[in-house]
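Heads up, the thing below is written out as structure tokens.
The values are calculated or read from the model by the stated rules, or taken from the named source; none is laboratory data. For clarity, every value in this text was computed on a predicted model and none was experimentally measured. Cβ atoms come from the backbone with ideal geometry, glycine included; neighbour counts cover every protein chain shown. Note: accessible area is taken over every heavy atom of the protein model, side chains too, but ligands, DNA and RNA are not part of it. Shrake-Rupley method; radii C 1.70, N 1.55, O 1.52, S 1.80 Å.
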Amino acid sequence: MQQRRIPNTDLDVSVVCLGTMTFGTPVDQEGVDGIIDWCLDNGLNFIDTADMYEGYTRFLGSPGGKSEALIGNALVGRRDKAVITTKVGNPIGDDSYSGTGLGRDHVLHQIDASLERLRTDYVDIYEMHRDDPDTPLEESIATMAGLIEAGKVRHWGFSNFEPDDIHRMIALCDGNGWPRPVIAQPQLSWLVRDSEEAYNPACIEYDIAVTPYRTLQAGLLTGKYKRGQEAPPGSRGDESSWLDDPDDELWDRIEQFEREAAGASLTPTQYAVKWLLDRPGVTSVIVGCKRPDQLEPFVEAFA
């Protein structure tokens, strides 16, 4: 699979990044092992996770950690073959610990928990999952800088912040001698393009890699859902409540998207990813799966 370099790093990552929100439920350890085996054998080396991910059963404040643990088990003996990014900031916890936000104490607790679950001494990129109005941004970035200095994190990034926050981050980093962020995760797809107004341009201005998530819109851009028909058995729309029922206006847009894909001689999933990879500033596109065969079209399209 094609690779692109994350600016201001030595990290070359596959243009498709493995999203792991399904790891835990419905994808168990055997399934994760098979997916990661396939990815590493086919040049897909970039893996995205978060401390809160545990599959379809997750909710804000749930224990989390399952996705990281499954990935860690699957990578035993070949950690060096993968570029791993994980995230912190959402509510998480159980009877032994609960916390949220980007305060220093919580971040320090969570990086150690993530490293233990991932069975590694470091993560390649640690991302602030969401903004934290209760913690000064200076404290959060200083904590990231400290983790880089300690060797637990190689680089840092962010997701779900506002464009103005990006400018503040850079000013704080430059003013304090802290490492700048190298990666950003906005929601971006053929259907949802809000980040192109100000978020992505800010990332481009500061040479921050854009790695979009929700790129297939929970399956709406895969071609498997049709107007007036039930969700196919085994699909996300069939197995979880993560997929809303499209109205007629949205169906019109989905059908236009599928016509564009056919005109480009690509499957809908291939076209959804290619459309993103052609956007300015995009380095890699996050795509989730439940089986390795769901990733095969991307190797075919981006070899």
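A few points about this structure:
- Full extension of the chain segment joining residue 149 with residue 4 gains 49.6 nm, where the gain is 0.36 nm per residue of separation less the Cα-Cα distance.
- Average projection area in nm² (convex hull over Cα atoms of the stretch 260-303, one quarter of hull surface): 3.3 nm²
- Rg ratio (alpha-carbon, reference 2.2 N^0.38 Å) - the stretch 101-143: 1.18
- Calculated P(r) of the chain - Cα pairs past 29 Å, %: 33 percent
- Equivalent ellipsoid semi-axes, the stretch 75-203, via Cα gyration tensor eigenvalues times 5, rooted, Å: 24, 18, 16
- Annotation for the stretch 275-303 versus the stretch 20-96: alpha-carbon center distance of 18 Å.
- Alpha-carbon gyration tensor eigenvalues x 5, square-rooted, for the stretch 145-295, Å: 34, 17, 14
- Accessible surface of the chain, 1.4 Å probe, proportion on carbon and sulfur as whole %: 45 percent
- Antiparallel %, DSSP beta bridges [both residues in the chain], to 5: 15 percent
- Full-extension gain in nm, residue 57 to residue 248, via 0.36 nm per residue minus C-alpha separation: 65.8 nm
- Within the listed set 18, 216, 266, the residue fluctuating most in the Gaussian network model of the chain (springs between alpha-carbon atoms under 10 angstrom) is 266.
- If the chain linking residue 12 and residue 303 were pulled fully straight, counting 0.36 nm for each residue of separation and taking away their Cα-Cα distance, it would gain 103.3 nm.
- The dipole here belongs to the stretch 1-116: it is taken about the Cα centre, uses +1 on the Cβ of Lys and Arg and -1 on the Cβ of Asp and Glu, and is about 400 debye.
- DSSP beta bridge pairing in the stretch 67-190, given as percent antiparallel to the nearest 5: 15 percent
- Taking the chain as a Gaussian network of alpha-carbon nodes connected by springs under 10 Å, the highest mean-square fluctuation of the residues 113, 150, 202 belongs to 150.
- Set 152/290; 81/152; 226/290 screened for pairs whose C-alpha atoms are more than 26 Å apart: 152/290
- Residue among 127, 196, 54 with the largest mean-square fluctuation in a Gaussian network model of the chain, springs linking Cα atoms under 10 Å: 196
- For the peptides 76-84, 134-142, the ranking by mean Cβ contacts within 10 Å, running from highest to lowest, is 134-142, 76-84.
- Between residue 162 and residue 25, the distance separating the two model label sites (each 7 Å from Cα on the Cα→Cβ line) works out to 3.5 nm.
- The residues of the stretch 193-236 present an accessible area of 47 Å² per residue when probed at 1.4 Å with all protein chains retained.
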